[in-house]
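Notes follow once the structure below has been shown.
The values are calculated or read from the model by the stated rules, or taken from the named source; none is laboratory data. Fair warning: this is a prediction, and the values are worked out from it, not measured in the lab. Cβ sites come from the backbone with ideal geometry, for glycine too, and all protein chains shown count toward neighbours.
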Amino acid sequence: MQTVKSFLARHRQLFLTLLVAAAAVLTAAWAGFDLSQRVDGQPVYEIVNDEYSRTVTIPRAESGTDSATGLYQPVPIKAGQRIYGVRLNLTTHNWAFRTGTLFAQLLDDSGAVLAQGSLDCITIRDNTFADLIFDQPYTAPGQAYEEEAYDFSHPSATLRLWYTAGDGWDLDHLLGIWMSSDEGATVTRINASGTRETVRGTAAFQYVVNYSGSWSKLLSAVLGILTVGAVVAGFVLLTRGARLWQVVLACGGLLGLAFAVLTPPLVGPDEYTHLAKCYQQSSALLGQPLADENWNLMVRPCDAPWFGTQTGDIGIFAYKETFEHLGDHGCDGAATVSSAAPLTADSINNTLYLGQITGITLARLLGLGFHGMLLLGRLGNLIFYLALAALAVALAPKHLRGIFACVALLAQPLQLAGSLSADAAVLGYLFCFTALCLALRTRPARPAELVGVVVLAALIGPAKAIYLPAVLLILLIPKEHLAPRRSVAVCAKVLALVLAVVGWAKVNLGAALYAARDVDTVGLTRAGLALALAAAVLGFVYWKIRRDARKRNIFLGGLAAAIAVAVPVAFYKLTHMWGGLTPEQLVGSIQENGDSIYTYSAGYICRNLPNTIKLLLRSVSAQGAQWLQGVLGTALGEPIVYPIQVSWVLGVGFVLVLLAAALPKAGETLPLGRRTKAGCWAIVVCVIGLSFFTALNWTPINYTTLFGLQGRYWLPVLPLVLALIHHNRTFAVQKDAERGAAFAMLCLTSLVILQGAGLYAAWQMPS
């Protein structure tokens with residue numbers, strides 16, 4: 001017994017690793033099995049002839065397929081059409097088969113077999129359509145034309161049907177097919193004896209134009225290997241003392257690749273828009289024409305069909321098409337076809353698309369098809385995000401690295417990184433900037449870090465309008481930590497803020513002016529100048545009387561009274577500036593889709609504060625759960641289009657893991673002071689407030705809830721929120737939980753991927 005205990009103790013790590021691997025493999029295997037049971041073998045039909053009024057007996061052969069026995073139905077096939085099988089309306093004459101096999105062959109003019117399939121007769125039900133799936137799909141020659149109609153007067157192939165009896169077959173029992181009474185069409189029936197006869201009419205049948213087959217197994221295998229690899233690798237790295245940034249880089253890469261495979265084409269958040277921007281910049285790099293005379297984006301011929309819709313399809317057939325065409329190559333790299341996507345007139349912030357543009361350009365140089373190009377673009381985005389996320393974890397203070405690692409491995413950031421979304425780069429920039437600012441509160445900056453904090457501030461400014469307040473984190477860095485010379489530190493902070501504001505104004509000033517389109521700018525400017533002048537005068541007066549206690553008290557009392565009067569007056573002026581919309585304008589603003597042409601603007605909000613507050617309160621109750629899902633990543637793809645939501649249990653798990661990573665260890669020093677924490681909370685509130693204001697600008701005034709607000713907009717400040725929770729003085733843990741939290745995050749994100757595959761693939765499957 002002692003020997004066994006000693007053996008187990010020596011190999012404890014190995015056994016735990018094997019246990020984790022076994023659990024991960026079993027979970028992935030079960031998810032794959034469950035998916036295959038739901039989506040495999042699903043057909044898509046196209047009606048060829050749906051008129052029938054009588055039945056005709058299908059000839060029975062003695063055995064096999066050697067003879068010419070069968071019912072021969074001439075059939076038309078569209079040019080370029082792929083056929084996976086046929087669906088026939090059969091009759092068993094109120095009899096249940098126990099044995100026998102129904103065969104079908106698709107023959108050309110010379111009698112050569114183009115495709116063939118069989119069906120066990122025991123599955124046939126009386127007066128019910130039954131599927132015969134071919135062993136291999138058949139694709140008709142020629143260019144496909146979807147509008148082409150089936151023409152029985154010019155058949156392009158012949159469908160041969162016959163069946164054979166098995167042991168125990170009742171020889172008096174027959175199998176038939178429903179047919180129309182069309183006198184102008186004929187089918188030929190050759191019996192087992194060789195007797196040939198002609199029958200008037202056309203069989204009732206449909207083509208199986210798509211078939212899911214067993215494609216789910218490939219999807220499950222790819223996702224299973226990636227998720228199992230991430231969980232096992234994470235367990236090994238975390239238990240062997242690897243650094244957290246290494247875990248983010250290795251395991252985040254595997255899970256991000258899984259998301260790149262999991263998300264169907266153009267289903268990622270706003271992916272169509274991001275694709276058009278990246279494609280445009282790629283064409284500029286390659287020296288290709290950007291637009292036609294109508295200012296529509298020029299694309300390669302193989303890419304043109306994908307620029308006709310703004311949202312991709314989901315379901316098992318979307319995965320099937322992706323895997324079938326992922327290896328396409330030899331595509332013409334010249335952009336010679338006009339697409340439905342308009343050319344982006346505004347300047348594109350290329351710093352948000354470095355990875356995507358690189359991947360798409362490389363794919364076009366290699367001649368890859370659309371799906372290969374999309375995957376390389378996603379992988380370029382993923383690599384760029386992982387590099388920034390790992391850098392953020394490495395830069396963060398030691399006691400906060402678990403927070404940044406867990407946020408980086410959260411499902412939502414990895415989903416964004418595994419698509420073409422520009423939000424991945426935004427997250428990377430803000431994660432690095434936040435980590436660096438928090439780290440430099442406790443230690444002096446290296447020269448590279450001094451440059452880095454300025455560069456990151458300059459990148460954040462034009463990234464997205466709502467994140468400009470986050471640049472103020474640079475003010476939390478003590479001057480002596482930023483640079484040895486005080487003047488250099490001050491210049492660095494001023495330069496960072498100026499660059500951020502200039503970049504923000506260059507990209508977002510137009511949108512900001514539009515949001516304030518109905519504000520009394522002249523009145524506000526005058527009020528601002530008057531307020532500034534009054535502040536200067538009051539400051540001068542206070543400076544003169546500051547040493548006289550009696551005069552100072554009188555001054556402060558008068559100032560308080562003036563403020564008490566000025567605030568209601570200012571509030572009244574703001575809520576009554578200009579006249580607003582007339583009833584005629586409100587009625588006439590409703591479009592055919594029911595939306596008003598007017599949206600919430602700064603002036604409308606001020607004039608209608610009660611309605612705005614009501615809308616916000618209704619939005620919190622109606623959409624709050626969706627916002628939380630958007631932060632965590634438990635809502636996949638573009639939630640406005642497809643409500644793909646994984647189990648709420650996983651969402652609860654994510655919240656608990658983030659809180660576990662955020663709680664400090666007992667006895668840990670808290671470097672953030674009260675004023676610093678207040679400033680950080682103010683930054684968070686400003687970012688969230690700006691996100692609400694931006695969503696209001698998208699919301700028609702006749703809506704009762706906000707339009708377009710998503711929780712992922714708050715992800716960039718999530719590490720800062722968790723860092724503030726970490727510096728609480730109420731709750732703590734006895735043992736550091738950052739490594740356990742990181743492993744739990746890997747497991748939860750893997751479960752999101754596995755469950756998401758089932759939700760995506762089984763979406764709107766036929767019953």
Quick one: in the range 176-208, of everything that is assigned to a loop (DSSP other than H, G, I, E, B), among the aliphatic types (A, V, I, L, M) and touching a strand residue (DSSP E or B) at 6+ places or on another chain (Cβ under 6 Å), which residue is nearest to F152 (Cα to Cα)? A204
Restricting attention to the range 331-384, report how many residues are in contact with a Pro (Cβ under 7 Å, 6 or more places away or on another chain) and under 17 Å from L416 (Cβ atoms). 2
Residue tally, condition over 24 Å from the mean Cα position of the chain (by Cα) and crowded, with 16+ Cβ neighbours inside 10 Å, over the range 298-332: 3
Hey, W95 hits all of (1) on the phi < 0 side of the Ramachandran plot; (2) out of contact with any His (no Cβ under 6 Å at 6 or more places or on another chain) but one; which does it fall short on? (2)
What residue, of A457, A500, A463, A405, is in contact with a Gly (Cβ under 6 Å, 6 or more places away or on another chain) and surrounded by 24 or more Cβ atoms within 10 Å (Cβ to Cβ)? A500
For a quick check of your reading of the model, give me the residue pairs whose first member lies in the range 75-99 and is closer than 20 Å to D135 by Cβ, whose second is of a type in the set (D, E, K, R) and not in a loop (DSSP other than H, G, I, E, B), with beta-carbon atoms closer than 7 Å and at least 6 apart or on different chains. G85/D131; R87/D131
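The rows are residues; the columns are (1) among the polar types (S, T, N, Q); (2) farther than 20 Å from I725 by Cα; (3) in the same structural domain as H727 (by TED's automatic domain parsing).
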{"site": "Y598", "(1), (2), (3)": "no, yes, yes"}
{"site": "L609", "(1), (2), (3)": "no, yes, yes"}
{"site": "R618", "(1), (2), (3)": "no, yes, yes"}
{"site": "Q626", "(1), (2), (3)": "yes, yes, yes"}
{"site": "G653", "(1), (2), (3)": "no, no, yes"}
{"site": "L656", "(1), (2), (3)": "no, no, yes"}
{"site": "A660", "(1), (2), (3)": "no, no, yes"}
For the range 349-401, give me the residue count where each residue is touching a residue at least 60 places away in the same chain (Cβ under 8 Å), among the hydroxyl-bearing types (S, T, Y) and buried (at least 20 other Cβ atoms within 10 Å of the Cβ). 3
Considering only helices (runs of 4 or more DSSP H) fully contained in the range 534-651, which possess at least 2 residues that are within 46 Å of the chain's Cα centre (by Cα), modelled with pLDDT of 80 or more and closer than 30 Å to L759 by Cβ? 609-632
Do the conditions hold for G624, that is, is it within 30 Å of T263 (Cβ to Cβ) and touching a residue at least 60 places away in the same chain (Cβ under 8 Å)? no
Do you know which of the residues in the range 349-369 that are in a helix (DSSP H, G or I) and touching a Cys at 6+ places or on another chain (Cβ under 6 Å) is nearest to A744 (Cα to Cα)? Q356
Quickly run through the range 301-336 and pick out the residues that are in contact with a Gly (Cβ under 7 Å, 6 or more places away or on another chain) and over 21 Å from A260 (Cβ atoms). G330, G333
Which ones in the range 293-309 are in contact (Cβ under 8 Å) with a residue 60 or more places away in the chain, part of a loop (DSSP other than H, G, I, E, B) and over 12 Å from S338 (Cβ atoms)? C302
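Table: residues versus (1) modelled with pLDDT of 90 or more; (2) farther than 24 Å from S214 by Cβ; (3) in contact with a Phe, Trp or Tyr (Cβ under 6 Å, 6 or more places away or on another chain).
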| position | (1), (2), (3) |
| --- | --- |
| S118 | yes, no, yes |
| I122 | no, no, yes |
| L132 | yes, no, no |
| P141 | no, yes, no |
| Y145 | no, yes, no |
| A149 | no, yes, no |
| R160 | yes, yes, yes |
Just to be sure before I move on: is L223 within 23 Å of I403 (Cα to Cα) and assigned to a helix (DSSP H, G or I) in the structure I sent? no
Just to be sure before I move on: is A662 at pLDDT 90 or above and closer than 26 Å to G428 by Cβ in the structure I sent? yes
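Conditions (1) among the hydrophobic types (A, V, I, L, M, F, W, C); (2) surrounded by fewer than 23 Cβ atoms within 10 Å (Cβ to Cβ), marked per residue:
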position: E271; (1), (2): no, no
position: C278; (1), (2): yes, no
position: L285; (1), (2): yes, yes
position: D292; (1), (2): no, yes
